[in-house]
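Taking it in order: structure first as structure tokens, then the write-up.
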Amino acid sequence: MTQVDLFSAAPTDVSVYEVSLRDGLQNERVTVPLADKLRLIDALVASGLRRIEITSFVSPKWIPQLADADEVAKLARRAPGVRFSALCPNAKGLERARAAGIEEIAVFVSASETHNQKNVNKSIGATLEAFEDTIGPALALGITVRGYVSTVWGCPYEGAVDPKVSVGIAKKLHAMGCYQISMGDTIGAGTPRQTGDIVDRLLAELPSEAIALHMHDTRGTALANIVVGLERGVRHFDASVGGMGGCPYAPGAAGNVATEDLVYLLHGMGVTTGIDLERLVEAGKAAASIVGRQLPGKVLQAGVRSLRA
């Protein structure tokens, strides 16, 4: 019987996009001091992470945990080959990002109308239209733009989401100038077969380099879904050290897939990331001390010891 290699299409190297400073801290009850945020950024950079979303230029009224966005962006220690990015909801946020020296911004929209209304108080159509004031001007300034599509695998208010809608939004963001679109399982509802269907639909419309997966681990399926994306050739994945995160407008949503769990999986599969796993675990320990609680990352708790001889 001929043995089939399920991972023949899988990439040999993967890029990890770290979101703990933004997607992680925005969901914490405590407000982390500026000095601690800068310490965590240093630890993440030291681990070898090269793409780090460090804050969000939203109104402090909505996300008080990130009220120090301008200071974080200005004071974060730059390193060769490391790109810092920030979430940027509108033209005012873009101006703040530019003044703080941010090289990359991210815009965001949901695939479900109800979640989008809860999140930004606009329809999906109005949100995409408003991006004309952000994406084009950012590109004109030499700032690259990444897009997020939330609730792709399901909505906490509407339930199932039509994948055609999600793919259509991703195509629009790409056409508007987003070099990459991060597709989010905001409530961690996805299963591997569903993920395969969504990724196949995306790859039929967009180049693989333009696709990233942003999986939450609410029901313990994040890594399984990532493997499905990986074996189809996706090589960009979002993660949060320690598994911090969630969404303030998605009740019950647990944190993102833990960066150290993702890297452990990838390294065990022979995939290159450029990340030092032991240093990444140290960054996870720093994150736990900063937020004052045990974080759910499995490798953070168990250690990096391999079963290989």
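The values are calculated or read from the model by the stated rules, or taken from the named source; none is laboratory data. Note that the coordinates shown come from a computational prediction; the quantities given were computed from them, not determined experimentally. Methodologically, a virtual Cβ is constructed for each residue, glycine included, from the backbone with ideal geometry; neighbour enumeration extends over all protein chains shown.
Can you confirm whether Val165 is surrounded by 15 or more Cβ atoms within 10 Å (Cβ to Cβ) and either at pLDDT below 95 or part of a helix (DSSP H, G or I) (or both)? Yes; evaluated as a whole, the condition is true for this residue.
Give the residue that is farthest from the chain's Cα centre (by Cα), with candidates limited to residues of the range 159-187 that are under 16 Å from Ile124 (Cβ atoms) and polar (S, T, N, Q). Here the answer is Ser166.
Looking across the range 87-102 at every residue that is within 19 Å of Asp23 (Cβ to Cβ), of a type outside the set (Gly, Ala, Ser) and at pLDDT 95 or above, the one that is surrounded by the most Cβ atoms within 10 Å (Cβ to Cβ) is identified as Cys88.
Of the residues Leu213, Leu230, the single one that is out of contact with any Cys (no Cβ under 8 Å at 6 or more places or on another chain), at negative phi and part of a strand (DSSP E or B) is Leu213.
In this structure, is Glu132 surrounded by fewer than 19 Cβ atoms within 10 Å (Cβ to Cβ), in contact with a helix residue (DSSP H, G or I) (Cβ under 7 Å, 6 or more places away or on another chain), farther than 20 Å from His236 by Cβ and not aliphatic (A, V, I, L, M)? Taking the combined requirement at face value, the residue does not satisfy it.
Of all residues in the range 129-162, which are part of a strand (DSSP E or B) and polar (S, T, N, Q)? Answer for the range 129-162, where residues must be part of a strand (DSSP E or B) and polar (S, T, N, Q): Thr144, Ser150. Being modelled with pLDDT of 95 or more and either polar (S, T, N, Q) or assigned to a loop (DSSP other than H, G, I, E, B) (or both) holds for only one residue in Gly190, Gly245, Gly252, and it is Gly190. Scanning the range 182-217 for residues that are in contact with a Ser or Thr (Cβ under 9 Å, 6 or more places away or on another chain) and among the β-branched types (Val, Ile, Thr) returns Thr186, Ile187, Thr191, Thr195, Ile198, Ile211.
Only residues that are among the charged types (D, E, K, R) and farther than 15 Å from Phe237 by Cα were counted in the range 175-217, giving 5. Cβ separations smaller than 8 Å between residues 6+ apart or across chains give the following pairs from the range 181-196 residues that are in contact (Cβ under 8 Å) with a residue 60 or more places away in the chain to residues that are outside any helix (DSSP H, G or I) and among the acidic types (Asp, Glu): Ser182/Asp238; Gly188/Asp217. Determine whether the range 71-86 contains at least one residue that is out of contact with any Ser or Thr (no Cβ under 9 Å at 6 or more places or on another chain), surrounded by fewer than 17 Cβ atoms within 10 Å (Cβ to Cβ) and closer than 20 Å to Asn121 by Cβ. Checked against the condition, which is being out of contact with any Ser or Thr (no Cβ under 9 Å at 6 or more places or on another chain), surrounded by fewer than 17 Cβ atoms within 10 Å (Cβ to Cβ) and closer than 20 Å to Asn121 by Cβ, the range 71-86 yields no hits at all. For Ser15, the conditions (1) of a type in the set (S, T, N, Q); (2) in contact (Cβ under 8 Å) with a residue 60 or more places away in the chain; (3) more than 22 Å from Arg279 (Cα to Cα) are fulfilled apart from (3).
Within the range 266-278, if we keep just the residues that are buried (at least 17 other Cβ atoms within 10 Å of the Cβ) and assigned to a helix (DSSP H, G or I), the residue that is nearest to the chain's Cα centre (by Cα) turns out to be Leu266.
Within the option set Val107, Val30, being surrounded by fewer than 17 Cβ atoms within 10 Å (Cβ to Cβ) and touching a residue at least 40 places away in the same chain (Cβ under 8 Å) holds for one residue only, Val30.
The set of residues from the range 64-86 being aliphatic (A, V, I, L, M), under 24 Å from Thr273 (Cα atoms) and in contact (Cβ under 8 Å) with a residue 40 or more places away in the chain comprises just one member, Ala86.
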